[in-house]
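Presented below is the structure to which this report refers.
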Amino acid sequence: MERPDLYVVARVLERLWREPSPILRTRLQVAVGTNYDVFSRYLDWMTERGLTALIEEDGHQKVVLTDGGREAYRRLVVWINEVVHGRR
């Protein structure tokens, strides 16, 4: 993925940030509101960069936010608020 849509990245990170425990891939995809193929490409991209991790739990593959993902989400929210919404 050459240039990811930062709003899609932000939606995935935000949903994971709000989850108290790992979340099923399909449940995350539905919450983010993208089709499964697009979601899978974004999730692979984010996992390759250490923002998310996949774990096996209860016989299912689930997604969890890494510490790097938490920091990326924090920085992305600050940037969106400053640049897009004009808040400092």
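Please treat every number below as a calculation from the coordinates, not as lab data. As the structure is a computational prediction, the values presented were derived from the model and not from experiment. Here the Cβ is made from the backbone with ideal geometry for all residues, glycine too, and neighbour counts use every protein chain on show.
In this structure, Val63 qualifies as in contact with a strand residue (DSSP E or B) (Cβ under 8 Å, 6 or more places away or on another chain), assigned to a strand (DSSP E or B), touching a residue at least 40 places away in the same chain (Cβ under 8 Å) and crowded, with 16+ Cβ neighbours inside 10 Å.
Given (1) touching a Lys or Arg at 6+ places or on another chain (Cβ under 7 Å); (2) in a loop (DSSP other than H, G, I, E, B), where does Pro20 come up short, assuming only one miss? Result: Pro20 fails condition (1) only.
Within region 70-85, residues that are over 16 Å from Pro4 (Cα atoms) sit with their Cβ atoms under 9 Å from residues that are loosely packed, with under 12 Cβ neighbours inside 10 Å and of a type in the set (Lys, Arg), at 6+ positions apart or across chains, in these pairs: Asn81/Arg87; Asn81/Arg88; Glu82/Arg88. Total residues in region 43-60 satisfying the condition of being part of a strand (DSSP E or B) and of a type in the set (Asp, Glu): the figure is 2.
Based on this model, can you work out whether Gly50 counts as of a type outside the set (Phe, Trp, Tyr), closer than 26 Å to Arg87 by Cα and touching a helix residue (DSSP H, G or I) at 6+ places or on another chain (Cβ under 7 Å)?
No; evaluated as a whole, the condition is false for this residue.
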